[in-house]
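One structure below.
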Amino acid sequence: DKEELIELPMMLRSAPCVVFLVTALSATVFLFGSAFHPIPPLLSPKKKSRLLSYEILPSRITTTVLLFAGDVTKTVISSETTNPRQWMMDRFGCTEERLNSLLSESMFQNSDVAELEARADWLQERLSLQSKDLNQIVHRYPRIFTLKPMTNLEPKLHYLQCRLDLDDKTLRSIIKKSPSLLGLSTEDNLEPKLFYLQELLQLNSTQVGKVVSKSPSILGLNVEDSLKPTVAWLKKRLGLNGMQVGAIVKKHPSILYYSIPNNMEPNLQWLERRLRLTTGQARKIVQRLPQILSLSTEETIEPTLQWLQEELLLSTTTELATVIDKMPTLLSCNVDTNLQPTLEFCVDVCGGDRPMVISILKADPSIFCYSLEKRLKPRLKKAKDADLQIDGLILRQIAKSTHDKWKATLKSKTKELKLAKKNNE
């Protein structure tokens, strides 16, 4: 098929003229081509508006429309520059420093800007990306334009989607988070890692897909140098079996790229020393809160422990360790935005009876972990509207009851109050 180029006159490069003429030309081609050929996908009713979805900037004026054998296969809205790097800076807002840090000088040296533009359009179309999403991908992985759509990108996208049973939305999310996955070999890289993870976690493809969607970058880790050593350390150091390690990874996949010497081992030693933990107690904390192995001991964990000791009147390390053992996730709570406001809320609910509240929280510290704005305050308002007497029991029910159970409690208490009021009358 012969390629036919239709050049717009240089004198007609003002934005209004270009939009008008290109739109008219596209409509003419559409009518002419559809009489002899099926309507091409680019010009289907759903996609007609794409032509006008581009900004008209001085460096991105449409000068060429490509026609192939009567069908419009693509409309190129490209930069006047023939320099691919300049095009990436104009099109996606990439800085020269960013490109220099990620690309070699020779990369894209002989690339055609129109071809790169077509690859960008293909990727945006394939993954249904918004412009900001495409920009994000390019900023993270500009090398993506070295990959050809049909021979590189589509086979890998198809592989990931089928192998992990992903819907379009999840596939898009994974690529947005870690576009460099598209540069990895399927046979030599992706498949061995997925097979190892599947064996480790004892999951089916769909379940492994959920793990990968949480933390796609784990597929960039080396099995021998990163994945296996981390799994071996968790088993040996905490006395975990394979299934228990798998449960931790499912809950918090990021643990697979924590550094053993810089994060996990120092944090675990610090916790064992600070709270005088046994191996069993340390194991329980890591199983409930895997991210504890990466949190800052000085900036996050220690301030929380000190606050709990002071505010809950925990006089010994044993008492503190008991509270943490009941609710390890307390160690990830922020004092100023979570713990302190929740304590004051509970004291206010119980009429200022601080000793009673402290007793309740020491016995059941999980109350700290419920949202103040989304759960505790709205439920308190409903309880007051129902004229319920607020005490320690109601406080626990406000915090811990499921939605259905709380609804049933309100209904039951309201009925009791109405009956009592009727009897008094």
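The values are calculated or read from the model by the stated rules, or taken from the named source; none is laboratory data. These numbers come from a predicted model, not from an experiment. Cβ coordinates were reconstructed from backbone atoms using ideal geometry, including for glycine residues, and neighbour counts include every protein chain displayed. Note: accessible area is taken over every heavy atom of the protein model, side chains too, but ligands, DNA and RNA are not part of it. Shrake-Rupley method; radii C 1.70, N 1.55, O 1.52, S 1.80 Å.
Here are some notes:
- The length gained on full extension between Gln136 and Asp387, counted as 0.36 nm times the residue separation minus their Cα-Cα distance, comes to 85.1 nm.
- With the alpha-carbon atoms of segment 137-279 aligned to their principal axes, the span from lowest to highest coordinate is 58, 31, 26 Å, starting with the largest.
- Unsatisfied cross-links (Cα-Cα over 23 Å) in the set Lys235/Lys400; Lys400/Lys421; Lys381/Lys418; Lys384/Lys418; Lys326/Lys407; Lys251/Lys405: Lys235/Lys400; Lys400/Lys421; Lys326/Lys407; Lys251/Lys405
- Summarising the label geometry, the points placed 7 Å from Cα in the beta-carbon direction at Asn100 and Thr316 lie 6.3 nm from one another.
- Under Karplus coefficients 6.51, -1.76 and 1.60, residue-wise ³J(HN,Hα) of segment 317-332 in Hz, glycine/proline x: 5, 4, 5, 5, 5, 5, 5, 5, 4, 6, 8, x, 5, 4, 5, 9
- Overall, the accessible surface of segment 368-425 at a probe of 1.4 angstrom is composed of carbon and sulfur to the extent of 52 percent.
- Taking 0.36 nm per residue of sequence separation and removing the Cα-Cα distance, the Phe195/Glu265 pair yields an extension gain of 22.5 nm.
- Pairwise label distance in nanometres, Arg276 with Thr337, each label 7 Å out on the Cα-Cβ vector: 3.5 nm
- Rounded percent of accessible protein surface that carbon and sulfur make up, segment 163-226, 1.4 Å probe: 43 percent
- Computed from backbone phi with θ = phi - 60° and the Karplus coefficients 6.51, -1.76 and 1.60, the 3J(HN,Hα) list for segment 197-204 is 4, 5, 5, 5, 8, 6, 10, 7 Hz; x is used for glycine and proline.
- Nearest-0.05 FRET efficiency for Lys374 and Met107, computed from C-beta distance (R0 51 Å): 0.60
- In this structure segment 89-208 gives 50 Å² per residue of accessible area when probed at 1.4 Å with all protein chains present.
- For segment 270-425, with +1 on Lys and Arg beta carbons and -1 on Asp and Glu, the positive-most of Val323, Thr300, Ser401 along the dipole: Ser401
- Sorted into 5 angstrom bins from 0, the C-alpha pair distances of segment 370-425 split as 4, 19, 31, 25, 11, 6, 3, 1, 0 percent.
- When restricted to Cα atoms, segment 137-211 yields an Rg and a Dmax of 12.4, 36 Å, respectively.
- Protection proxy ranking of 168-178, 234-244, by the mean of other Cβ atoms within 10 Å over each peptide's residues and highest first, is 168-178, 234-244.
- If you sort the three axes of the alpha carbon gyration tensor as a ≥ b ≥ c, you get a/c of 1.5 or more for segment 100-150 and a/b no higher than b/c, which makes it oblate.
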